[in-house]
Amino acid sequence: MHRKLSYHRRLACRAAGVLFALGVGQAGAADMTKTVAAVKPSIVGIGTYQKTRSPAIRFVGTGFVTGDGLSVVTNAHVVPELLDSEKLEQLGVVTGEADAISFRPAELLERDRQHDLAHLRLSGAPMPALRLGNSAAAQEGQNLAFTGFPLGMILGLNRVTHRAMLSAITPVVMPSLSSRGLDARAITQLQRAPFRIFQLDGTAYPGNSGSPVYDPDTGEVLGVINMVFVKGLKESAITSPSGITYAVPVSYVQELLRKK
């Protein structure tokens, strides 16, 4: 009799555990939907506008609004080095949804080439801004998310969110066993003093360059997706790049914004 009661109690405990786990999962999913809804209005496209060009707006990457709602952060490599001033080409951000988009001019305030970050400044009415978190407290195994425009404007301006786990915190340059494994870019980075970056298990695409990586519970930004500068350094030996994605810790964004 006691054995039967013990058996049934064990079953009840297991069932309760399953229900608890399901409840936590459902709560997490619900929280994520709220976070994504709150984050999306702060995600912008980075591009240039030239009235006589077809199309007039050219998408170059993703960015996000922070600070007072007029600061935009993106990757330095997506910002054009030169604009066609004779044809009145302008740098700015693309906002809106799907085909109902608009362009807001922006000024390049600072470009941090070492960490591949750029600070653009808008004029006019502020936009919804994302809070910057503490990337120094980020831990391997932590759940993260990032939102951006993986396909650019090919199918219209549609913000897409990906889940990711912080797989590792690693140096920006992988050590080489011999000088033969070092290319010019890697040598330059070694001379600048390597810094640590986030390695994620989520797959990002070229259009995601500049996307914010954030805590799915709070929406606080912990990093910035980088698809060219970092990937070229760490995966230069891989002929078919893996699904690994890299992000620059937001501490470097905070340093950049203090230079304004």
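All other residues with a Cβ under 9 Å from the Cβ of residue 143 taken together, and with Lys, Arg as +1 and Asp, Glu as -1, what is their net charge?
Numbers: positive: 163; negative: 215, 217.
Around residue 143, the surrounding residues sum to -1.
What does the charge count around residue 49 come to, taking other residues whose C-beta lies under 10 Å from its C-beta (Lys +1, Arg +1, Asp -1, Glu -1)?
Around residue 49, the surrounding residues sum to +3.
Hey, can you find the accessible area per residue of region 36-96 for me, probe 1.4 Å, expressed in square angstrom? Mind showing how you got there, number by number?
Working: 2570 Å² over 61 residues.
Using a 1.4 Å probe on heavy atoms only, each residue of region 36-96 averages 42 Å².
The values are calculated or read from the model by the stated rules, or taken from the named source; none is laboratory data. This one's a predicted model, so the numbers in the text were calculated from it and none came from an experiment. Because the Cβ atoms are built from the backbone with ideal geometry, glycine has one as well, and the counts that use them run over all protein chains shown. With ligands, DNA and RNA removed, areas are computed over all heavy atoms of the protein, side chains included. Shrake-Rupley method; radii C 1.70, N 1.55, O 1.52, S 1.80 Å.
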